[in-house]
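Here the structure comes first, spelled out in structure tokens, and everything after it is commentary.
The values are calculated or read from the model by the stated rules, or taken from the named source; none is laboratory data. Values in this document were obtained by computation on a predicted structure and should not be read as measured data. So basically every Cβ, Gly included, is an ideal-geometry build from the backbone, and we count neighbours across all protein chains shown. For the accessible areas, the whole protein counts, side chains as well, though only heavy atoms, and no ligand, DNA or RNA atoms are used. Shrake-Rupley method; radii C 1.70, N 1.55, O 1.52, S 1.80 Å.
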Amino acid sequence: MNKNLRKAVIAGNWKMNKTPAEAKALIEEMKPLVADAGCEVVLCVPFVDLSAALAAAEGSNIKIGAENCHWAESGAYTGEVSTGMLKEMGVEYVVIGHSERRTYFGETDQTVNLRTLAALKAGLKPIVCVGETLEQRNLGYTETLLKYQTKMALTNVSAEDLKNVIIAYEPVWAIGTGVTATDDQADEGNGFVRAAIAEAYGEEVAESVTIQYGGSMNAGNADALVAKYHVDGGLIGGASLKAADFATIVKAASK
Ligand code: PGA
């Protein structure tokens, strides 16, 4: 983390967990615990929880995000949610291209790019996920893959718009598995993402982009992970469902 160069952001990704009432209760519990955070605090929640989450977080330092968005402004896309709908509610962030969406819901590098462009156009801040599978890592493709995914996701994103983009490096083999990348693996992966941005936008721009690590980040390992140069915070799944654990991670990134 280098706070002189870029913003540290800890974002929870609740995935398909918590009803609206449970969301309200969890945010009420978290609010006092993260009130003095020295980093940006975001909770990305299921669509149906957004209203309750926004109300619960109002007046606090917790920002609310969605977990996906469609790229069209409106139209015949049953079951989808547009960026304009999210923006009007007061949502600030949106997770795009999570590996679970790539694996289970046919998300591709092209659709990740379309969603990213749509989010930026609407004034939302995309948290764009990239990451290699264990097979790709073992074959030695990690750097190539991360650079490819990063550049594809950012196609036609201007340097000005890039200021509102967060990239989350999430090795697929570390998500929800309890297997965390080592500090050095996280730093290396984030470094590959930053290098890809440097190749496309130049060194100075790349140094200003917030790049999170995600994948079994928890209260016990957050300190060491965010101490790494390229790790500007985290995208937190399981540990963001427990107020105390999430607050401990926020504290680690507040130093
Ligand atoms: P995890 O999930 O922290 O439960 O591994 C991270 C993520 O999928 O964003």
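General remarks:
- Relative contact order, whole percent, for the chain stands at 24, derived from Cα pairs under 8 Å and 6 or more residues apart.
- Solvent exposure, largest accessible area first (probe 1.4 Å, DNA, RNA and ligands not counted), of Thr19, Thr78, Thr116: Thr78, Thr19, Thr116
- Modelled FRET efficiency - R0 45 Å, Thr19 with Thr182, Cβ distances, 0.05 increments: 0.80
- Calculated over segment 1-70, the projected area of the Cα convex hull averaged across directions stands at 5.5 nm².
- Going by accessible surface with a 1.4 Å probe and the largest first, Phe105, Phe246, Phe47, Phe192 read Phe105, Phe47, Phe192, Phe246.
- Rg of the Cα atoms in segment 100-255, relative to 2.2 N^0.38 Å, amounts to 0.99.
- Solvent exposure of segment 1-118 as accessible area per residue, Å², 1.4 Å probe: 47
- When the alpha-carbon atoms of segment 174-255 are used, the pair Rg, Dmax equals 13.0, 39 angstrom.
- Estimated distance in nm for a label pair at Ala72 and Asn156, the labels positioned 7 Å out from Cα along Cα-to-Cβ: 1.6
- The residues of segment 194-255 expose on average 35 square angstrom of accessible surface per residue, using a 1.4 Å probe on protein heavy atoms.
- Shape category assigned to segment 1-148 from the gyration tensor of Cα positions, a/c cut at 1.5: oblate
- For segment 9-81, GluC sites (Glu not before Pro) are listed when DSSP marks them as loop and at most 12 other Cβ atoms sit within 10 Å of their Cβ; the list is Glu58, Glu73.
- Taking only protein heavy atoms and a 1.4 Å probe, the accessible area of the chain is 53% carbon and sulfur.
- Whole-number percent relative contact order across segment 130-255, with pairs defined as alpha carbons under 8 Å at least 6 apart: 25
- Anisotropy class of segment 133-215 from Cα gyration tensor, a/c 1.5 cut: prolate
- FRET efficiency, Ala224 to Gln110 (Cβ-Cβ, R0 45 Å, nearest 0.05): 0.80
- Using a probe of 1.4 Å on the protein chains alone, the accessible area found for His230 is around 40 Å².
- With a 1.4 Å probe rolled over the protein heavy atoms of all chains, the accessible area of Ser158, Ser99 falls in the order Ser158, Ser99, largest first.
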